[in-house]
Each structure stands twice: as C-alpha cells, then as structure tokens.
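Novice: Supplied in structure tokens, the structure appears directly below.
The values are calculated or read from the model by the stated rules, or taken from the named source; none is laboratory data. For clarity, every value in this text was computed on a predicted model and none was experimentally measured. Areas reflect the complete protein model, heavy atoms only, side chains present, ligands, DNA and RNA absent. Shrake-Rupley method; radii C 1.70, N 1.55, O 1.52, S 1.80 Å.
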Amino acid sequence: MALCGQAAGAASLPSELIVHIFSFLPAADRVCLPVSRAEQPRLEFLMRKCGWFVRELRVEFASADYLSGGSANPGTGGKEVKALQLSTPWLEELRTYLELVLCVLVSVRNNRNLQKFSLFGDISVPQQQGNLSNTYLSKVDPDGKKIKQIQQLFEEILSNSRRLKWLSCGFQLEIVTPTSLSSLSNSTANTMEHLSLLENNIPGNRTLITTVELERFVNLRSLALDFWDFTAEMARVLSDSNHVPLQRLSLLVHDISVMHKSLDNMPNDEHWKALSRRRSPLRVYIMAFDIMSEEMLNILKPSIPLERIHFDSYITGAIVDLISRQYDKFLTHFILMNDVLDMSAFPDLSNNGNEDPLVLLARRCTKLSFLAIHGYTVWAHGLIAIARLRGSNLKVLEVTEESIDFDPGEPVDQDVDPVHNLIEQVSLGMGQPWHAVMDIESFSVFTEPNRHFYREMQSFSEDI
C-alpha cells in the first residue's frame, strides 16, 4: 500500500482517521508525498506520524504555479527586471522550500528502518537566473544557517542509516555536498543498490561523488549522475570484478556542465565495452538539455548500450541518423523536444532532401516502443510510415499537433480530409486509436522535462 499526500487522496482524510489507519500499516509500507506550499500542513502531519519508521519515502517538492510561466515584460528595463525577479513570491517560494526540506529531514533523522529515500526538488527556475540563485538564498537565509542545517541533517540521516539500499536526490538545492556520501558507513555503502545524484547547477568543477568514494559501492546495480561526473576512472571501477555488474546508468547532459567541465575525462569506447562485457546487460538512459549537435557527436560513443534518449535541445537530422545506426539493437525510447515559440521556425530534420531520419529511426530500431516529438517538423506521411514500420510494438507515439505538417507536393484527394486520413492511417498502423497531442500542458514529458526525467529514471532503475 502506498500513501500519497494529494488533495484527493489519503491526506485529505480527517487527521484522526489517518492516525487510526497508520496503526494497521505494515512496516514495509511506503509514503509518497508530492508537496508544495499548499501541502505544507499535510506534510508536517504525515511526517510527524510516520517519518520515524517508514521504510520507503519519496518526496517531490513542487514549485507554485506562478513560477512555471511568469516572466518579465520584454520592454522592461534591466534594473526593473531584476527587481521583478527578486519579488516577494519568488522569495516566499524559496523560503517555503527550505522549511519543507527541513520538515522532512528532521522527521527521518533517526529512522533506522529507511531502505528507500528519494527527494526531488522542482526549484530550478531561480537557479536558471545564473548567479541570482545566491541572491535569493542570501535574502531568505542571510547567515546560511538553514542551508547548513539541511546539509548536516542529510549527513546525519546517512550516518544513522543501517538498511538503506536506494538513495536518490534530484535537482535539490543545496542538500547534497561533495562530502555528503562520506557519512555513510562502509557496511551501508557496501550494500547500496541504487544511487542517483543529479544537479543542473553545479558550480565550477565540483562533483558530488568521487571515484574513491564510488569504490565502496560494490553492490551498486543502478546509478544516475551528471554526464561529466561519470569519468573513465569510474567506468573502470564499475567494470572491475569486485563490483556487481552495473545494469542501469542514467546520465544528465546539461549546458551548464558543458561550460564548466571538460570532456577529457569521459569514458572512451573501450571503457563502454568493458562495462557491457559483464554478466548482466547494462542499459543507458541519456537526457540532454540545451546541448549542441557538435557536443553530442563527442558524447555518443558507438559502444554505449543506449536504451533511452531524451533531447530538450536543438539537434540536426545527422544526430538522429547516427543514433539509429549506432543503437539499433538497444533503443526503445526516443524523445525529441525543442522550445521554439514560432511554429514557422520548427526545424525540419529531413530538409536536405534525403529520407526522413525519423522514419529511418523507426526502420532500424526494431525495439522502439516510445516516440515523443515537439518543436520539430514531423511530416504526415512520415508519421504514417513510422506507425506502419513499428506497428503494435510502438506503444506510445506522442506528437504535438503544431509539429505536424503536410507535404504540399503530395497528391491530394479532394474528398478526403488530410487530418482525418492521418489519424486513420496511423491508428491502423499501430493497431490502436491514435491522435495528435492537442493540449501540450497535459503531458509532463513536454512541460516538465526535469520531473519527467527523474520519474523515468526511477522506473528505469527499478526495472531490473
């Protein structure tokens, strides 16, 4: 049984009833809490009642709605923009976030039953303003006491844990430091099976885990890191016979890391071959934010057993063609996004006159089961070809309506509506009803890439 603190879920019940339910829960139950400022009272109550004994705890800190789309007027002057960015709602959001994190960490600090601990923080908007993140923190935590307390509590939880098998921390602000994992005892580190430490705002050359630290995690079966933190030395350690074979590896490639970190230490093709040579088959999941095609050419080594790739970037048809040729035996998930407001500026991957690279992807990658596209031109005849090539094996085909275009050179039957014909032909090809995505806001894969990647990474890692 999972207890989820949502408005329409268990947390909406009267407090007395929840306490009564808790008295019947087996110790192996998990608590899943998506929380925002409105959820703070529920969070405090639930954590107070079960934080000390729960074995699985997943918390997702969500930003308020006004943070997701608010932006300054384009005509606003520079000083006025900065004043707007530092307005009270932004500061209140960060202040609430720190309070929520403290509430969770204080509640589980003495929990020795904890086996699965997962924290996700949707607080990336202030961070995207560059050095303004420090300005925000100095406003809500001027002496740094709350941040220091959060980091100390997190290390205390790791130090007290005896049964922890799964530790996942994604896009959290100022929780994990380069010294946090040293708080884990050797016995706990030796039995850990999953570790994910993901940030998109790591300054300079700071990394959250070193190769020396990773050597203690001899039973690690799944790992999620910033791509530039996964070095050739780490690949060598994980391919050593002293470690159990790594089965799932999720890597976040972010433009902020590109600016601060070097590609010189990344694994080469021989390292990937060594990792894939172990008894259990390794599969890799890559998420790329704002990465140029030239950089991806350096990243996509032929021997990476790439099963899933998610682009939130502008890439060329040559990259799609490379992926379909190099990873045809592994690829199951392909997500292609590009944040372009002007639909006339949607790039056409097949504008060089050659065969559509998306159709080639469907033809070559025979295990492809998930395809999602937004912000690129997708030709209607190409969609029909993709559906026919992969058939019922293609379980998900999400393409936004504004991305679909019709070739003016194609012969047109005046009696047939082209949109209706597209829906019918794609549905027949896939063997299930299909339609284009009309409301992009209803799909987190398009609107919340951080959250989508984090959740997919978790399920990807659990599917061993």
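Novice: Grab the alpha carbons of region 157-196, take their convex hull, and tell me the volume per residue in Å³. Please report the intermediate quantities before stating the final value.
Specialist: On the way: hull volume 2.6 nm³, N = 40.
Taking only Cα atoms, region 157-196 has a hull volume of 65 Å³ per residue.
Novice: Which percent of the accessible area of region 223-463 is formed by carbon and sulfur heavy atoms (probe 1.4 angstrom)?
Specialist: 49
Novice: What relative contact order, as a whole-number percentage, does region 223-463 give when Cα pairs under 8 Å and 6 or more residues apart are counted? List each step's numbers first, then the result.
Specialist: Details: 412 pairs, mean separation 33.3, N = 241.
The normalised contact order for region 223-463 reaches 14 percent.
Novice: Same structure, new question: Can you tell me which lysines have their Cα less than 28 Å from the Cα of residue 329? Leave out same-chain residues fewer than eight positions away.
Specialist: Result set, ordered by chain and number: 273, 301, 367, 395.
Novice: Leaving ligands, DNA and RNA out of it, rank 221, 112, 308 by accessible area with a 1.4 Å probe, largest first. Numbers along the way, then the final one.
Specialist: Working: 221 75, 112 120, 308 30 Å².
Descending order: 112, 221, 308.
Novice: Counting only Cα, what are the radius of gyration and maximum Cα-Cα distance Dmax of region 223-463, in Å?
Specialist: Rg and Dmax of region 223-463, Cα atoms, are 18.7, 68 Å.
Novice: Please enumerate, by chain and number, the aspartates and glutamates with C-alpha under 13 Å from the C-alpha of residue 116, excluding those fewer than 8 residues away in the same chain.
Specialist: 29, 56, 193, 462
Novice: How large is the accessible surface of residue 379 in square angstrom, using a 1.4 angstrom probe and rounding to the nearest 10?
Specialist: Result for residue 379: roughly 50 Å² accessible.
Novice: Quote to one decimal, in nm, the extra length available between residue 293 and residue 102 on full extension: 0.36 nm per residue of separation minus the C-alpha distance between them.
Specialist: Details: separation 191, 0.36 × 191 = 68.76 nm, distance 4.07 nm.
Extra length available between residue 293 and residue 102 comes to 64.7 nm.
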